[in-house]
1. Can you tell me the order of 269-279, 225-235 when each peptide is scored by its average per-residue count of other Cβ atoms within 10 angstrom, highest first?
2. Quick one: grab the alpha carbon gyration tensor of region 36-241, order the square roots of its eigenvalues as a ≥ b ≥ c, and give me rounded if a/c is under 1.5, else prolate or oblate depending on whether a/b is larger than b/c.
3. Provide the gained length on full extension for the span THR122 to CYS466, in nm with one decimal, where the gain is 0.36 nm per separating residue minus the Cα-Cα distance.
4. What length, rounded to one decimal in nm, is gained on full extension from ASP113 through to TYR293, with 0.36 nm per residue of separation minus their alpha-carbon distance?
5. Please report, in whole Å, how far the alpha carbons of region 265-466 spread along each principal axis, starting with the longest.
6. Given only helices, namely DSSP H runs of n ≥ 4 each adding -39500 (n - 2.57), what is the per-residue ellipticity at 222 nm of the chain, to the nearest 500 deg cm²/dmol?
7. Taking 0.36 nm per residue of separation and subtracting the Cα-Cα distance, what length does fully extending GLN270 through LEU138 add?
8. Among [x] 23.6, 89; [y] 23.6, 75; [z] 32.0, 108, only one was calculated for this model; which label is it, if the read-out is Rg and Dmax of the Cα atoms in Å?
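No lab work stands behind these numbers, since they all come straight from the coordinates. Nothing here was measured: the structure is a model prediction, and the numbers come from that model. When we count neighbours, we look across all protein chains shown, and the Cβ atoms used for this are built from the backbone with ideal geometry, even at glycine.
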Amino acid sequence: MAIRIIFLLGVLLVAGFSIWQRSSALAPILEPLPQDSMIQVYFNHSQAAVYREPYRQQERWGDDLEEVIVDTIQSARSSIDIAIHELHLPRVALALRDRHQAGVAVRVILEHDYSQPWSSITPQMLAAMEERDRTKYLEFLQLADTNQNGQLEPSEAQTFDSIFILQQAGVPLIDDTADGSKGSSLMHHKFVVVDKQVVLSGSVNYSISEVHGDFLSTQSTGNANHLLKITSPALAQVFEQEFAEMWGNGVGTSPTHHFGLQKRYRPPQQIALAPGSTITVQFSPTSSAQSWYESVNGLIGTTLDRASRSVDMALFVFSEQWLSNILAMRHQQGVRIRALIDPSFIYRDYSEALDMLGMTLPSKECRVEEGNQPWTGAIATVGTPQLAEGDLLHHKFAIVDQHIVISGSQNWSAAANNGNDENLLVIDNATVAAHFQREFERLYQGASLGVPDWLYQKAADLRSRCRI
């Protein structure tokens, strides 16, 4: 009996230790940083918070960005204007529907490629999809087909199909074909304005894979993203002006809708939030007829050129040559430059990471990017972060001298600058910058830096084939 009791106690101790290990592993690793009273910052991979992801029911580190969006929408009393590249977060759609039914004026603008309900996809349409979109649809089907009969019931669509939910509720919705065109380059915005007081902005698209993780992969924790919640009537007014350019006279095709380069030029606007805290905001696209320095990428460039100590960047894409040239000059003046870029873009022939690493990589057609300028003082503090398989580094931020943050929807590319509907925020606020600095350091720890051996070999092979 004594042996049996000892054995049972041992089992309980082991089980208890296992439970402790699981719970301690899911406890926040870091203490939360102070938030600015007017600008709150959230990261879906934050190590200072834990939440239960609502679709796979997994405990994980991070801020629940969907919950922040839903809470902000639910706080609306008069109006909600949302311009979003992709809206496939069911709880967000349901919150918008509920506010609409409660009498709040809700208006939605989408990118045309994502304005169709998933439940309307036919087998022929599925077969014609690119692999990326087909995977998204199959993940949606896995989520929504709760009775697993291989087809979507109306009740399933009303619960999980975000665009269907909005359409069924009669929420006013347009996309970037409303101007009578085939759509702009990309309606790439990711912003919400609530009651003309609060603005949500950042890098995150409103989809499950962007916020929480790929539904078919338990390892995925979502693309690395951030969300800003800014309380400022002055900033909200600027975003409302951008929304009005696109919305025009409302639902229906009309020449009053302006997307892409149909919009008038909008110079940067600076807003003072509090002593020592400012936000500069500007919108793309900018015509190539304008000076580059008057564009959003030009605003990024002038901000980087202010650096006296450090520039840290976490970017999905970096392909703007002029920005690389500015950083090269800052580096020559002794500014520390560090950059993390998504693995799917960092080593492409047009990536400015190659310039920073002192490399030239011809394209498959043996062409070298026009104006290409590899750094003479190459650096090894450029690389890719460790991410779960399938997850992306989707941030578009930089921190300058640990007090200025560049954020928004705009990737650092000429395509974003000269074609897309985009927004950019330059925030001068040390409290806000501390949050981004912590996220950068998290990503930088354990990152793969410098030139991998296989890239040296690829460059040599291409130079030989192209006789460069």
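1. On the way: 269-279: 15.1, 225-235: 20.9.
The packing order, highest mean first, is 225-235, 269-279.
2. On the way: a/c = 1.60, a/b = 1.19, b/c = 1.35.
Because a/c hits 1.5 or more and a/b fails to exceed b/c, region 36-241 counts as oblate.
3. On the way: separation 344, 0.36 × 344 = 123.84 nm, distance 4.50 nm.
Extra length from THR122 to CYS466 when fully extended: 119.3 nm.
4. Numbers: separation 180, 0.36 × 180 = 64.80 nm, distance 3.09 nm.
Stretched out fully, the ASP113 to TYR293 stretch lengthens by 61.7 nm.
5. Extents along the principal axes, in whole Å: 57, 41, 37.
6. Calculated mean residue ellipticity at 222 nm is -10500 deg cm²/dmol.
7. Working: separation 132, 0.36 × 132 = 47.52 nm, distance 4.36 nm.
Additional length available on full extension: 43.2 nm.
8. [x]
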